[in-house]
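Report on the structure given below.
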């Protein structure tokens with residue numbers, strides 16, 4: 001725990017009304033866009049074919065097993081499919097027992113020419129994440145708005161309120177970018193990881209607000225399941241079939 005004085009030694013731009021803070025020295029951050037670029041480069045170097053902007057239209061099943069997927073770019077024969085469709089996981093045509101994942105909308109924005117921050121700072125029911133290039137990432141709203149991805153004045157107003165409540169000098173910053181995202185949420189708040197309704201179908205999703213944090217681990221688990229291996233982790237709490245049983 002930090003006193004008010006210690007807080008302002010670390011973050012002089014923090015809100016003057018702050019009375020104390022909690023410092024997590026092992027907390028870190030990653031630039032998700034740069035990470036994705038690196039992942040794509042690694043995949044290409046390993047011979048992975050990535051088909052961007054190619055909609056998945058459904059899965060074909062024969063005798064209880066996945067045989068192919070249908071896309072806008074044609075039919076792809078496969079014996080294994082990992083449903084990692086995020087907020088769209090329920091919309092895999094041909095899988096009537098898909099996990100009950102729903103989208104939860106979140107507004108975000110980036111600021112430039114704002115105050116200098118050294119740490120990720122949480123407060124006022126939101127956060128500011130400083131990037132090495134000087135940008136400040138401000139998030140985030142929680143909106144039950146279906147698949148509506150519009151950037152709204154109300155959403156941005158909430159982000160401005162979050163930012164100024166953490167560091168008042170952000171009111172003088174420039175808004176460089178505004179966007180929304182759809183988080184995949186489940187009824188019980190837990191991920192869905194495990195075998196699907198058909199042989200060869202693996203479900204990996206429902207990570208909600210922790211996708212970039214849990215993604216590497218869930219990817220390893222999904223790969224193990226796809227290869228017929230037993231993961232090192234107990235997946236019972238995350239079994240996709242728990243909703244059907246309920």
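Do you know which of the residues in the stretch 162-178 that are assigned to a helix (DSSP H, G or I) and touching a strand residue (DSSP E or B) at 6+ places or on another chain (Cβ under 8 Å) is nearest to residue 115 (Cα to Cα)?
Keep residues of the stretch 162-178 that are assigned to a helix (DSSP H, G or I), which gives 162-166, 168-172.
Imposing the further condition that a residue be touching a strand residue (DSSP E or B) at 6+ places or on another chain (Cβ under 8 Å) reduces the set to 162-163, 165-166, 170.
Details: 162: 15, 163: 11, 165: 13, 166: 11, 170: 6 Å.
In this case the residue turns out to be 170.
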Close pairs (6 angstrom Cβ cut-off, 6 or more residues apart or separate chains): on the phi > 0 side of the Ramachandran plot and in the same structural domain as residue 93 (by TED's automatic domain parsing) in the stretch 63-76, outside any strand (DSSP E or B) and modelled with pLDDT under 95 anywhere: 64/198
Condition check for residue 145: under 19 Å from the mean Cα position of the chain (by Cα), in the same structural domain as residue 228 (by TED's automatic domain parsing) and not in a strand (DSSP E or B): no
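Tell me, which strands (runs of 3 or more DSSP E) wholly within the stretch 1-115 include 3 or more residues that are in contact with a helix residue (DSSP H, G or I) (Cβ under 7 Å, 6 or more places away or on another chain) and surrounded by 11 or more Cβ atoms within 10 Å (Cβ to Cβ)? Give the steps one after another, and end with the answer.
Values: elements: 56-62, 65-71, 74-77, 81-83, 102-112.
By residue number, 102-112.
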Total residues in the stretch 216-246, condition at pLDDT below 95, touching a helix residue (DSSP H, G or I) at 6+ places or on another chain (Cβ under 9 Å) and not in a loop (DSSP other than H, G, I, E, B): 1
Number of positions in the stretch 192-226 that are closer than 22 Å to residue 58 by Cα and either outside the structural domain of residue 82 (by TED's automatic domain parsing) or surrounded by fewer than 15 Cβ atoms within 10 Å (Cβ to Cβ) (or both): 3
Members of the stretch 116-129 found to be part of a strand (DSSP E or B), within 18 Å of the chain's Cα centre (by Cα) and touching a residue at least 60 places away in the same chain (Cβ under 8 Å), listed by number: 129
The stretch 124-169 - residue that is touching a helix residue (DSSP H, G or I) at 6+ places or on another chain (Cβ under 6 Å) and at pLDDT 95 or above and, of those, nearest to residue 103 (Cα to Cα): 141
Count of the stretch 189-200 residues which are farther than 18 Å from residue 93 by Cα, in contact (Cβ under 8 Å) with a residue 24 or more places away in the chain and assigned to a loop (DSSP other than H, G, I, E, B): 2
The stretch 156-167 residues that are assigned by TED's automatic domain parsing to the domain that holds residue 124, paired with ones that are assigned to a helix (DSSP H, G or I) (beta carbon under 9 Å, 6 or more apart): 160/170; 160/171; 163/170; 163/171; 164/170; 164/171
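The values are calculated or read from the model by the stated rules, or taken from the named source; none is laboratory data. Small disclaimer: the values here were computed from a predicted structure and weren't measured. Neighbour counts run over all protein chains shown; Cβ positions are idealised from the backbone, glycine included.
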